[in-house]
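The values are calculated or read from the model by the stated rules, or taken from the named source; none is laboratory data. Please read all numbers here as calculations on a predicted model, not as lab measurements. In this analysis, Cβ positions are derived from the backbone assuming ideal geometry, glycine residues included, and neighbour counts consider all displayed protein chains. Note: accessible area is taken over every heavy atom of the protein model, side chains too, but ligands, DNA and RNA are not part of it. Shrake-Rupley method; radii C 1.70, N 1.55, O 1.52, S 1.80 Å.
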Amino acid sequence: MEAVPVKAVPVTIVPRRFGETSRRDAWWVEPLLVFLVFGSFVVYATWAAFQNAHYTYGPYLSPFYSPELWGSSHHAVFGPRPDWWPAFVPFSPALLILPFPGLFRFTCYYYRGAYYKAFWADPVSCSVGEPRGPRYRGERSFPLVLQNVHRYFAYIALIFIVILTYDVWLALWWDNPTTGQQQFGIGLGTLLLAVNVVLLACYALGCHSLRHLFGGRFDEVSKTSVSQACYNCSSALNGRHQFFAYVSLFSVAFSDIYVRLCSMGIWSDVRVL
Ligand code: FES
């Protein structure tokens, strides 16, 4: 059969001004929602991190403050605020550790795609004019090229998952004022912290970088059955990465709110067992 010659159709690319588009759908709704949700979370988390108060209740420790390296609660690993801490720098146990999970989320592939649209406005959305000129090279140049540190924060995130799991274990042991001993018990807070760590694990273990770490072998999937099983599990979680990115964001914030309001006496913790 004779090949039909393909005719090239000349296309002229017309540069658009920022925000200019011929799209008629409500393309701006999603970036606006992302802006409101992420913005609210960042404002709340920053406020909560600076409080240095009401982050424990009974055996519960807010995930924003875990691990509590130095601090005033019985969860503190190394005791109270160290003497070498400069007096003019605000102290809070959360400020020492929150940059790690914070930067893990900040450099996450999903979050990048979302907040580039909602906060950075580049790209605003498909087929919508962008604010920066042709010299803008995205993640191939400074500062966005720094996002490639994501894999290292992913490794650190795994350590946080282990620590938060241990916190759930600690949240099962209550002081008995009568005997002075610790006794097993489950409160609503225990369940919340447990659900939170499961959701955080589902989010972290579905990370692109960890998926390659689990199953990668140079440029192909490892042949060992354990690696392949891990790779498949991580791939399954990765398929719901956006979902877990959101629900774990809500659960970690709500866990802090729950512990905080119980500690302030505004909410009463319900003992299940
Ligand atoms: Fe989202 Fe790594 S890609 S956490």
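About its Cα centre, the chain has a charge dipole of approximately 840 debye under the convention of +1 per Lys or Arg Cβ and -1 per Asp or Glu Cβ, with nothing else charged.
Within the range 189-273, which chymotrypsin sites (Phe, Trp or Tyr not before Pro) sit in a loop by DSSP and count at most 14 neighbouring Cβ atoms inside 10 Å?
Within the range 189-273, the qualifying chymotrypsin sites (Phe, Trp or Tyr not before Pro) (loop, at most 14 other Cβ atoms within 10 Å) are F218.
Between the range 120-192 and the range 194-273, how many Å separate their Cα centres? Value for the Cα centre distance between the two parts: 9 Å. With loop membership from DSSP and a limit of 16 other Cβ atoms within 10 Å, the longest segment of the chain without GluC sites (Glu not before Pro) is 21-273. Normalized C-alpha radius of gyration of the chain, against 2.2 N^0.38 Å? Cα-based Rg divided by the globular estimate yields 1.27. Taking the C-alpha atoms only, the angle from helix 188-205 to the longest principal axis of the chain is near 30 degrees. Once C-alpha pairs closer than 8 Å and six or more residues apart are averaged by separation and normalised to the residue number of the chain, the relative contact order reads 22 percent. Over the range 1-41, the reciprocal of the mean inverse Cα-Cα separation, the Kirkwood hydrodynamic radius, stands at 14.8 Å.
The equivalent ellipsoid of the range 1-82 has semi-axes of 57, 19, 12 Å, largest first, where each one is the square root of 5 times an eigenvalue of the Cα gyration tensor. Expressed as a whole percent, the accessible surface of the range 37-130 that belongs to carbon and sulfur atoms is 70, based on a 1.4 Å probe. In terms of overall dimensions, the range 94-179 has a Cα radius of gyration and Dmax of 19.7, 72 angstrom. For the chain, take the longest principal axis of its alpha carbons; what is the angle in degrees between that and the long axis of helix 150-170, to the nearest 10 within 0 to 90? With rounding to tens, the tilt is 30 degrees. For the range 253-264, backbone phi angles converted through the Karplus equation (6.51, -1.76, 1.60; θ = phi - 60°) give residue-by-residue couplings of 5, 5, 4, 5, 4, 4, 4, 4, 6, 5, 5, 7 Hz, Gly and Pro being listed as x.
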